[in-house]
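Have a look at the structure below, then the notes.
Rule-based calculations on the coordinates, nothing more; no lab input. Owing to the predicted nature of the structure, the values given are computational and were not obtained by experimental measurement. Neighbour counts run over all protein chains shown; Cβ positions are idealised from the backbone, glycine included.
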């Protein structure tokens, strides 16, 4: 008698994720080889751009991290409303 097959639910075999399939591993290897050759051929250009990248990062970080300091006056209105509510 086959008792084990009756007690175990039938599940279809799971498909491997894309990155663990043969096709995905092939793409990873291809990307690594391509990246290596790009780095070897263009290293001088990329490293020459590095000082300019740091200079460009400063204003971009200011704009995106501070979000312009809300110069539209909206922030000041909230502060004034809070201060007026605190006054006796």
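Based on the Cβ-Cβ distance of residue 47 and residue 11, what FRET efficiency does E = 1/(1 + (r/R0)^6) give at R0 = 41 Å, to the nearest 0.05?
0.20
R0 = 35 Å: FRET efficiency of residue 36 with residue 65, Cβ-based, nearest 0.05?
0.55
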